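The values are calculated or read from the model by the stated rules, or taken from the named source; none is laboratory data. Please read these numbers as outputs of a predicted model, since none were measured by experiment. In this analysis, Cβ positions are derived from the backbone assuming ideal geometry, glycine residues included, and neighbour counts consider all displayed protein chains. The protein model used for the area step is the full one, side chains on, heavy atoms only, and it has no ligands, DNA or RNA in it. Shrake-Rupley method; radii C 1.70, N 1.55, O 1.52, S 1.80 Å.
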Amino acid sequence: MDPTTIGIWATAGMVTMLLLRIPIAVVLIATGYTGLILVMASRGDSFDLEQGFITANSFLGELPYSSTAEYTFTTIPMFLLMGYVATEAGFTKDIYHTARMWLGRMPGGLAVASSVGCALFAAISGSSLATAAAMGRMAVPEMLARGYDKGLATGVVAASGTLGSLIPPSILMILYAVFTDQSIAAMFVAGVIPGLLSLLIYVAMVMIRAKLNPDLAPPTPKVSWQEKFGSLKSTWGMLLLIVVVVSGLYSGLFTPSEAGAIGASIAFIISLVARRLDRKKTSTALLETLKSTSMLFAAVIGAYMVTSFTALTGIAADLTSWAGGFDVHPVVVIASLSVLYIFLGTFMGSIEIMLLTLPIVIPIVQGLEYDLIWFGIIMIKYLEIGLVSPPVGINCFILKTVVDDSVRLGDIFKGVSWFIAMDIVTIALLVAFPEIVTFLPSLM
């Protein structure tokens, strides 16, 4: 059996295991290990299975350390810890409360506040799922109580929660940067303008809809300036945290790993000063950080195995050569990849999709000489759409869990469809004007 055939069958087996809901780390390691055995056994005049096992075992023995013992990977647990500390300390509630005070009187004010609150919390947590879950518990019940349309109330939180993937710090950005050998700091900075653009487009759409149809979002009671400024007291710490991390990265004052450590330290100190952390909450934050880091590192080990196996089969090189043989406009390639990623996003998580596709997609993108920082932001936008696309938009199901029987799942998907349309507009702008992504990194 030739390596290309082995690669095709291994890919089919990997997709089958994912459809069976087997954990991504297990799928990647099993695929890479089995593929390496078969490819190495097939080298030479005869099929030498023993040699295949020897080579694969040697590779598996070295890979867990060599693939994860990188200084840049310390960024992941630090930013995770920062997010979990902020969550356990209850800063999500403060962020939403402040946004509601200042934005509540705008057309669709509570929905606008929810979107802004999600963006601010995303800049702390780095997780779309955590953002949607945390904001959904506070924002959706209040909007429903004020008479907001059920689809709008749930759709705005489900969609805005995806901003956690795009607004730095983002775990997806870290993984992408490491696997494509790009600067984590450049990826973080590149996501700032697209993240704000996504937020502004969401807000504009909500305001226009609310203005045209006031029944979607009834006005809220007026709030005094004293109450508005008073609400800032509880959020200054988190705003300071965001400013320190982003400005420090952009200015080069500290590396991404140092930014993560500083961010986690500041979040911990602010929480202690505000007396919002006790022994139980601290233990929970540390334990969740450990669990998430372990899961991610196991998946990273598997992804490196699949990458090595794919390189040996020659599939990536063949696809790159094939793609390079066509004189196509970048829009065609981007549109084709959009179909792939949105389809995968309907039944898989963002991390799983990224680790599964990077070994094959990135060589093609490099062969076509596209900017990898720009493509990384485009890919993350695709993954954001996948998080809310039916039939298995994960963020929508999280919102359904939060609201229980008060809102039908169909209403949530109907509400989020408006935001998917806005994401398509955002992607079109990023493709038409790549400088939106590349401008800030070029100044670093």
For helix 315-324, what angle does its Cα long axis make with the longest principal axis of the chain, in degrees from 0 to 90 and rounded to 10?
-> 70 degrees
Could you state the angle between the C-alpha long axis of helix 192-212 and the longest principal axis of the C-alpha atoms of the chain, as a value from 0 to 90 degrees rounded to the nearest 10?
-> 50 degrees
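Let me make sure I get this right: for region 377-431, a, b and c are the square roots of the gyration tensor eigenvalues over alpha carbons, sorted descending. Under 1.5 in a/c it's rounded, otherwise prolate if a/b > b/c, else oblate. Which is it?
Details: a/c = 3.49, a/b = 2.19, b/c = 1.59.
Note, shape of region 377-431 comes out prolate.
If you keep only loop residues by DSSP, which trypsin sites (Lys or Arg not before Pro) in region 192-278 have at most 10 other Cβ atoms within 10 Å of their Cβ?
On the way: sites: Arg209, Lys211, Lys222, Lys228, Lys233, Arg275, Arg276; in loops: Lys222, Arg275, Arg276.
Filter output for region 192-278: Lys222, Arg275.
How high is the FRET efficiency between Ser251 and Glu62 when r is their beta carbon distance and R₀ equals 45 Å, given to the nearest 0.05?
Step by step, r from the Cβ atoms, then E = 0.75.
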In Å², rounded to a whole number, the accessible area per residue of region 146-228 with probe 1.4 Å is 36 Å²
Across Ser198, Ser66, Ser271, the residue with the highest GNM fluctuation in the chain (Cα network, 10 Å cutoff) is Ser66
Rule-of-thumb check for region 190-266: C-alpha Rg over 2.2 N^0.38 Å?
-> 1.56
Express the C-alpha Rg of the chain as a ratio against the empirical globular expectation 2.2 N^0.38 Å, rounded to two decimals.
-> 1.02
Could you list log10 I(q)/I(0) for region 61-146 at q = 0.14, 0.15, 0.21, 0.23 Å⁻¹, which the Debye formula gives when each Cα is one point scatterer?
-> -0.54, -0.59, -0.91, -1.03
Compare the Cα positions of Met354, Ala69, Leu103 along the charge dipole of the chain (+1 at Cβ of Lys, Arg; -1 at Cβ of Asp, Glu; about the Cα centre) and return the one farthest towards the positive end.
-> Leu103
Along the principal axes of its C-alpha atoms, what lengths does region 13-109 span, in descending order and rounded to whole Å?
-> 76, 32, 19
For the chain, the percent of accessible surface on carbon and sulfur atoms (probe 1.4 angstrom, ligands and nucleic acids excluded) is 67 percent
For region 161-303, what is the largest minus smallest coordinate of the Cα atoms on each principal axis, given in angstrom and ordered from greatest to least?
-> 52, 37, 31
MRE, 222 nm, helices only [DSSP H, n ≥ 4, -39500 (n - 2.57), over the chain, to nearest 500] = -26000 deg cm²/dmol
Only Lys, Arg, Asp and Glu count, each charged at its Cβ (+1, +1, -1, -1), so figure out the dipole size of the chain about its Cα centre, rounded to 20 debye.
-> 2120 debye
Nearest 20 debye, what's the magnitude of the dipole of region 80-213 about its Cα centre given +1 on Lys and Arg Cβ and -1 on Asp and Glu Cβ?
-> 520 debye
Normalised by the residues of the chain, what does the relative contact order come to in percent, with Cα pairs under 8 Å and at least six apart?
-> 25 percent
How much accessible area per residue does region 43-130 have, in Å², with a 1.4 Å probe?
-> 42 Å²
Relative pair counts by distance (%), Cα atoms of region 88-231, 5 Å bins | 2, 11, 19, 21, 18, 13, 8, 4, 2, 1, 0
At most 13 other Cβ within 10 Å, DSSP loop - GluC sites (Glu not before Pro), region 9-87 | Glu70
Could you work out the relative contact order of region 358-416, using alpha carbon pairs under 8 angstrom and six or more residues apart, expressed as a whole percent?
-> 20 percent
